[in-house]
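*Asks:* Take this structure first; my questions come after.
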Amino acid sequence: MLTHANSYTIISTDRHGGVSHAPYDSLNLSYGVGDDENLVAANRNRLKKQLLITHLLSARQVHGDRIYIASHTLRKDTEIDNYDALVTDMPGIGLLIQQADCQAVTLFDPINHAIAAIHCGWKGSVLNILSKTVNKMTECYDSSPSALQAVISPSLGPCCAEFINHATELPPSFLAFQIKENYFDFWQISKMQLIEAGLDERKIQITGICTSCSPDHFSYRRACRNGDGKTGRCATVICL
């Protein structure tokens, strides 16, 4: 999925078109899963060329709720430790989220020209990292939540989001999104959290592709089901 607008670009990759070998075949965009770093760098360069940008900002994601503010131009690709959301108002920086079932949620402020990219797995949902990032954009860029545009990337769908320990892992408020025993619709949970943070429902787009079902995407759950869990990571990138 590649979306171009007047002020920003979003891309969510599939697993095709890269140079990595199995089980990371072929467009693995993560340095943290055991793939050859030179191949990952080549894959990221392909992505930058497609986006017409020179630098990527990514994070070694930890399923937390820390938010990194990029306030200056990058001189090289940069990956920071222990963050799960990235925000900036600097043009030309690609904010990159790595994923293999977790959601990447992007936010765009068309008035103040600011963006965010958020890594949101179930732990991020419990921490409500989406609302915290909306609040950070309001604090840093005077963003109005009702003006923000959000996209929820390909990710684990309600068909495959099984949580057998949900009684201890998930808050009671998530029970409203249980579609059958032990299965939850995290796309709708994220939509609910964004609306509660002030976003207009009409400005929230859910891609609706389940990565566990789709052979075109990396999926940690599918890799665990079929083997040892080794697999690559797709990416979602937003840039001004």
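The values are calculated or read from the model by the stated rules, or taken from the named source; none is laboratory data. This is a predicted model, so every value here is computed, not measured. All Cβ positions, even for glycine, are placed from backbone atoms using ideal geometry, and neighbour counts span all protein chains on display.
*Asks:* Within the stretch 213-227, is even one residue closer than 23 Å to ILE97 by Cβ, of a type in the set (Lys, Arg), surrounded by 15 or more Cβ atoms within 10 Å (Cβ to Cβ) and in contact with a strand residue (DSSP E or B) (Cβ under 6 Å, 6 or more places away or on another chain)?
*Replies:* no
*Asks:* Kindly evaluate ILE164 against the criterion of being free of Cβ contacts under 8 Å to residues at least 40 places away in the same chain, in a loop (DSSP other than H, G, I, E, B) and either touching an Asp or Glu at 6+ places or on another chain (Cβ under 7 Å) or farther than 18 Å from LEU127 by Cα (or both).
*Replies:* Against the criterion (free of Cβ contacts under 8 Å to residues at least 40 places away in the same chain, in a loop (DSSP other than H, G, I, E, B) and either touching an Asp or Glu at 6+ places or on another chain (Cβ under 7 Å) or farther than 18 Å from LEU127 by Cα (or both)), ILE164 qualifies.
*Asks:* Hey, another quick one. With the structure loaded, tell me whether ILE206 is touching a Lys or Arg at 6+ places or on another chain (Cβ under 8 Å), surrounded by fewer than 21 Cβ atoms within 10 Å (Cβ to Cβ) and within 30 Å of PRO91 (Cβ to Cβ) or whether it fails that test.
*Replies:* yes
*Asks:* Among the candidates MET192, MET137, single out the residue that is touching a strand residue (DSSP E or B) at 6+ places or on another chain (Cβ under 8 Å) and either part of a helix (DSSP H, G or I) or not small (Gly, Ala, Ser) (or both).
*Replies:* Just one listed residue meets the conditions, MET137.
*Asks:* In the stretch 32-67, what residues are closer than 27 Å to VAL134 by Cα, surrounded by 19 or more Cβ atoms within 10 Å (Cβ to Cβ) and in contact with a Phe, Trp or Tyr (Cβ under 6 Å, 6 or more places away or on another chain)?
*Replies:* Once the filter is applied, which keeps residues that are closer than 27 Å to VAL134 by Cα, surrounded by 19 or more Cβ atoms within 10 Å (Cβ to Cβ) and in contact with a Phe, Trp or Tyr (Cβ under 6 Å, 6 or more places away or on another chain), the stretch 32-67 yields only ALA59.
*Asks:* List pairs: first residue in the stretch 210-221 and under 12 Å from THR13 (Cβ atoms), second residue acidic (Asp, Glu) and part of a loop (DSSP other than H, G, I, E, B) anywhere in the structure, Cβ distance under 7 angstrom, at least six positions apart or on different chains.
*Replies:* THR211/ASP101; ASP216/ASP14; HIS217/ASP14
*Asks:* How many of the residues making up the stretch 150-178 are more than 23 Å from THR133 (Cα to Cα) and out of contact with any helix residue (DSSP H, G or I) (no Cβ under 9 Å at 6 or more places or on another chain)?
*Replies:* Residues flagged as more than 23 Å from THR133 (Cα to Cα) and out of contact with any helix residue (DSSP H, G or I) (no Cβ under 9 Å at 6 or more places or on another chain) within the stretch 150-178 amount to 5.
*Asks:* For the stretch 78-99, does any single residue satisfy the condition of being within 30 Å of GLN178 (Cα to Cα), touching a Lys or Arg at 6+ places or on another chain (Cβ under 7 Å) and either assigned to a helix (DSSP H, G or I) or hydroxyl-bearing (Ser, Thr, Tyr) (or both)?
*Replies:* yes
Let's see how each residue does on (1) within 30 Å of ALA223 (Cβ to Cβ); (2) basic (Lys, Arg); (3) buried (at least 17 other Cβ atoms within 10 Å of the Cβ):
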{"position": "THR133", "(1), (2), (3)": "yes, no, yes"}
{"position": "GLU169", "(1), (2), (3)": "yes, no, no"}
{"position": "LYS180", "(1), (2), (3)": "yes, yes, no"}
{"position": "GLU201", "(1), (2), (3)": "no, no, no"}
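*Asks:* Using beta carbons and a limit of 8 Å, which pairs, at least six apart or on different chains, have the first residue in the stretch 18-29 and closer than 14 Å to LYS230 by Cα and of a type outside the set (A, V, I, L, M, F, W, C) and the second one surrounded by fewer than 16 Cβ atoms within 10 Å (Cβ to Cβ) and at pLDDT below 95?
*Replies:* PRO23/GLY227
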